[in-house]
Every structure is written in C-alpha cells, then in structure tokens.
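Novice: The structure under discussion is supplied below as structure tokens; questions concerning it will follow.
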Amino acid sequence: MARITITDLKKKKAEGKKITMLTAYDFPFAALVDKAGIDMILVGDSLGVVVQGKENTLPVTMDQMVYHTEMVTRAAQHAFVVGDMPFMSYQVSREEAVFNAGRFLKEAGAQAVKLEGGVSVRKTIEAIAAADIPVMAHIGLTPQSVHKMGGFKVQKEMDRLLKDAVSVEEAGAFSMVLEGIPGDIAEKITREVSNPTIGIGAGVHCDGQVLVLYDLLGLFDRFVPKFIKRYAHLGEEALSAIRQYKEEVEKGEFPGEEHTFK
Ligand code: KIV
C-alpha cells in the first residue's frame, strides 16, 4: 500500500470521507496502527504523560521526540507520520523552530510536524512551511499552555477559535487538530476552513478524529476524560498475565519440560 500524502488527506475532506489518526510512540504499536490502515500516526508529546509518567507534556525534549519518532517511522509503511514539536522547541526563535522541525524529517523520517497555538504562532508556521516542512496546527485546548489556561479546560470562545483556525490555515498549515472544543464550534470551523480538521474532544463533525492510543487500548487510567472511548482493556489483560507468570515461577511450574533445552 502506498504512503498516505497531504493530497490524499485533502481529497478525503473534499469527498466527505473521515480521516483516522492515532498516536504511537514505538515500533510494535506503530506497526499495529499502520497494519490497521490508520491514515495518520502522531508521535505526540503526550508520551511525556502516558509513557514517561510525568504530570504534563512540558518536560519532553527534542531528543526524546526524535528518538520515539524514529522508532515509529521504521514501522509505518503506509501511514503519514507527524512528529509533535515539544514545549520550547519552537517558541524561542523562528530559526530554532525551523531547525527543530527539520530534525523530525531529516533525523527521524517523519512526513510532517505539529505545533500548538493559533494567531500567536502564525509567523512560526510560515517560517517552517517556507522550508517545505508540512505543518499541522493544533488549536483549542493546547496542553503545553496548561498553566496559562489554569488547567486542562474546554475552550469555548468562538471568535478567538475561528481567528486561530483561519490564521494557521493562512500561514500555510496543511491540517489542524481541534482539541477540547464544543461540537458546534468545531463544526463551524470545519466548514469555514479548507484544511482537514482532526478532532479530539471536539465532536463528530470534524473531518477526522485522533485519540491517544494508550487511552483507546485501556493502557492508561490515571485520568480518563469524557471524550475517550475504551476499545480494549489491555492493561487488565497484561496484569493478569504478569500475575500468572509470578504464580507459576513461585510454584515451580514455569519453565516446563517444553521450555527446557535437552
Ligand atoms: O500529544 C498528543 O498526543 C496530542 C494529541 C492528543 C492531539 O497532541
């Protein structure tokens, strides 16, 4: 199967076909997501929370993102891979932003980068897009602004959200994540912009949906927001397998004859 391109994603929006996106952070899960035919893989800085066990995404570094993205691109044959720019990798200067965005393509083999913000990052998106690096924007609830927002809160200011959406599109972004936005506002934005909108906690009318893979699979339960649907309970299954192994080793039942070299 050929790799998904930006043209395919725009065609899906034009034809009213939904776009699928999931996060992945390593080779085995990226291979599963790719095999399932998901259109886009986001190597999200959410790995700071679901993989590293941190409180929020702020401590994640560029080197960690490049490390994880490289594992994912080695597995993804079909999906369009987006590397998430971590906090302070694009805020200090446009030169640094372009350099760091370039690392995702050059060192990690991603097809695009994502960064958070609307009107305030317009010039940064312009600079990265001018270097021919495809940029996905991310507006609404932007987790890197957790302290400014006073927590992870649904964003409801329609005028500001619309300005952000138009601004990132005009700056040259090819798509945008809409996170934590009421469904009716996400629907309006999706109608107003020509870029595909990918929702998370933004209702069904976005052009596509994204979820954190560990939430969908039931591998992360420290907190479970309203917008998450669990499609599996792998955490429980893994726990029961590990307990069974412990019990069998303690009872001398494992390894058996069949696991022993003669
Ligand atoms: O980091 C991430 O996984 C994200 C998605 C939740 C959109 O930004």
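Novice: Given H placed on each backbone N at 1.01 Å, which residues far from His138 in sequence or on other chains put an amide H within less than 5 Å of it?
Specialist: Placed amide hydrogens put Leu115, Gly117, Val177 under 5 Å from His138.
Novice: DSSP beta bridges in the chain, what fraction antiparallel, as a percent rounded to 5?
Specialist: 5
Novice: Using a/c under 1.5 as the rounded threshold, could you call the chain rounded, prolate or oblate? The axes a ≥ b ≥ c are square roots of the C-alpha gyration tensor eigenvalues, and prolate needs a/b larger than b/c, oblate otherwise.
Specialist: Since a/c reaches 1.5 and a/b is larger than b/c, the shape of the chain is classed as prolate.
Novice: Could I ask something else about it? Projected onto the charge dipole of the stretch 147-262 (+1 at Lys/Arg Cβ, -1 at Asp/Glu Cβ, origin at the Cα centre), which of Gly151, Pro225, Val193 gives the Cα projection farthest towards the positive end?
Specialist: Most positive-ward Cα: Gly151.
Novice: At 222 nm, what value in deg cm²/dmol follows for the chain if DSSP H runs of at least 4 each add -39500 (n - 2.57) and the sum is divided by all its residues, to the nearest 500?
Specialist: Here the helix-only value at 222 nm equals -12000 deg cm²/dmol.
Novice: At a Cα cut-off below 18 Å, give the lysines reachable from Lys163, other chains included and same-chain residues fewer than 8 away excluded.
Specialist: Filter leaves Lys123, Lys188.
Novice: In debye, nearest 20, what is the charge dipole magnitude of the stretch 1-143 about its Cα centre with +1 on Lys and Arg Cβ and -1 on Asp and Glu Cβ, if you could check? Could the numbers behind the result be given before it?
Specialist: Details: 16 positive and 16 negative charges, 114 e Å.
Computed about the Cα centre, the dipole is about 540 debye.
Novice: Continuing with the same structure: Kindly write out, for the stretch 149-157 in residue order, the coupling ³J(HN,Hα) from the Karplus curve 6.51 cos²θ - 1.76 cosθ + 1.60 (θ = phi - 60°), rounded to whole Hz, with x marking Gly and Pro.
Specialist: Per-residue couplings from phi come out as 7, x, x, 8, 10, 4, 9, 10, 7 Hz.
Novice: If you put +1 on each Lys and Arg Cβ and -1 on each Asp and Glu Cβ, how big is the dipole of the chain around its Cα centre, in Debye rounded to 20?
Specialist: 620
Novice: Only Lys, Arg, Asp and Glu count, each charged at its Cβ (+1, +1, -1, -1), so figure out the dipole size of the stretch 62-133 about its Cα centre, rounded to 20 debye.
Specialist: That gives the stretch 62-133 a dipole magnitude of about 120 debye.
Novice: For the stretch 242-257, take each phi angle, set θ = phi - 60°, evaluate the Karplus expression 6.51 cos²θ - 1.76 cosθ + 1.60, and give the result in whole Hz per residue in order, putting x for glycine and proline.
Specialist: Working through the residues one at a time gives 5, 5, 5, 4, 4, 4, 5, 5, 5, 8, x, 8, 10, x, x, 3 Hz.
Novice: Could you pull out every one of the aspartates and glutamates with an alpha carbon less than 12 Å from that of Lys12, ignoring same-chain neighbours closer than 8 positions?
Specialist: Cα-Cα hits under 12 Å: Asp39, Asp207.
We did not get these values from a lab; they are worked out from the coordinates using the rules stated. Since the structure is predicted, the reported quantities are computational estimates derived from the model, not experimental observations. Glycine also receives a Cβ, built like all others from the backbone with ideal geometry; neighbour counts cover every protein chain displayed.
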